[in-house]
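To keep things clear, I will list the structure first and then write my remarks on it.
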Amino acid sequence: MIRTLFVDAGGVLYNNINEETDFLDRVADRYGVDRAGFARNVQAAAPGYESGERHVHQVLAGLGANGRRPPVLTPAEARWLDGAYLDSVRAYGESFRVLRELRAERTEMELVLTNNEAEQWDRLKDEAHGHFALFDTVCSSWRTGRVKPALSFFTEALRRCRATAAETLLIDDRVPVLRVGAGLGMLTLHVPAPEVLGDRLARTLRDYALPYVR
């Protein structure tokens, strides 16, 4: 019986900003640094801001300095970064609809947000699109202090939800994340593109004797 859903955001509810848009290129150009090198550095630094250890504004500005004195993070500069980020965000309306309907029809099932994201970006997207309201519990990386695919991310999320791995369905677009979840005993659902979420989720719930009408 599936009692808990762990749902990713990037790739499932939203596009993956760093990988699929020109956001990092725009930031690199603003700071006058090499685009490819900046993207690599951001990828390496991501666990620091996704875990909540550092603010993403400070990380991006520091990397943009490239050994020089970092630009002053004035309110105007922070607004520019936030605006550039939000300009790149695309919400998948069909995925939102699927989860809203599931939440209404399966009130006994707990929906949990389990994404890697900076707190600043997560809150900005919520203000614009309201994804937090889809979930009973938010276990984003900045709240757990851990980052997927670390095993500790999932053990902490399970602890916070008082859920068992055997009764949890993990929904994600990244295979390495799903492998870790499966190793813990979770059921897994691969969503390589948002348009497959509805059909694959309905089929999975049917297979586990949970009627779900789309």
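The values are calculated or read from the model by the stated rules, or taken from the named source; none is laboratory data. Note that the coordinates shown come from a computational prediction; the quantities given were computed from them, not determined experimentally. In this analysis, Cβ positions are derived from the backbone assuming ideal geometry, glycine residues included, and neighbour counts consider all displayed protein chains. These area figures cover heavy atoms from the full protein model, side chains too; ligands, DNA and RNA do not enter into them. Shrake-Rupley method; radii C 1.70, N 1.55, O 1.52, S 1.80 Å.
Could you list, in sequence order, all residues of segment 167-177 that are open to solvent by 10 Å² or more (accessible area, probe 1.4 Å) and either within 14 Å of THR4 (Cα to Cα) or not hydrophobic (A, V, I, L, M, F, W, C) (or both)? Steps first, please.
We begin by selecting, within segment 167-177, every residue open to solvent by 10 Å² or more (accessible area, probe 1.4 Å); these are 167, 173-176.
Listed by number, the residues that qualify are GLU167, ASP173, ARG174, PRO176.
I'm trying to understand the selection: among the residues of segment 118-155, which are of a type outside the set (A, V, I, L, M) and open to solvent by less than 20 Å² (accessible area, probe 1.4 Å)?
Residues satisfying the conditions are TRP121, ASP122, LYS125, HIS131, PHE135, CYS139, SER140, SER141, THR144, LYS148, PHE153, PHE154.
State which residue is farthest from the chain's Cα centre (by Cα) when the search covers only segment 1-18 and only residues that are outside any loop (DSSP other than H, G, I, E, B) and polar (S, T, N, Q). If you could, list the steps in order and put the result at the bottom.
As a first pass, look at segment 1-18 and keep what is outside any loop (DSSP other than H, G, I, E, B): 4-7, 10, 14, 17-18.
Right, trim to polar (S, T, N, Q) and you get 4, 18.
Values: THR4: 17, ASN18: 12 Å.
Taking the candidates together, the pick is THR4.
Take segment 51-70 and flag every residue that is touching a helix residue (DSSP H, G or I) at 6+ places or on another chain (Cβ under 7 Å) and open to solvent by 30 Å² or more (accessible area, probe 1.4 Å).
GLY52, ARG54, HIS55, LEU63, PRO70
Filter segment 19-74 down to the residues that are of a type in the set (A, V, I, L, M, F, W, C) and in a loop (DSSP other than H, G, I, E, B), then identify the one that is modelled with the lowest pLDDT.
Going through segment 19-74, the residues of a type in the set (A, V, I, L, M, F, W, C) turn out to be 23-24, 27-28, 33, 36, 38-39, 42, 44-46, 56, 59-61, 63, 65, 72-73.
Those left that are additionally in a loop (DSSP other than H, G, I, E, B): 33, 72-73.
Working: VAL33: 93, VAL72: 68, LEU73: 82.
Here the residue is VAL72.
Which of the residues that make up segment 175-199 are touching a residue at least 40 places away in the same chain (Cβ under 8 Å), over 15 Å from the mean Cα position of the chain (by Cα) and farther than 13 Å from PHE153 by Cα?
Matches in segment 175-199: MET186, LEU187, GLU195, LEU197, GLY198.
For segment 178-197, what are the residues that are in a helix (DSSP H, G or I), closer than 18 Å to TYR208 by Cα and open to solvent by 30 Å² or more (accessible area, probe 1.4 Å)?
Scanning segment 178-197 gives a single hit, ALA182.
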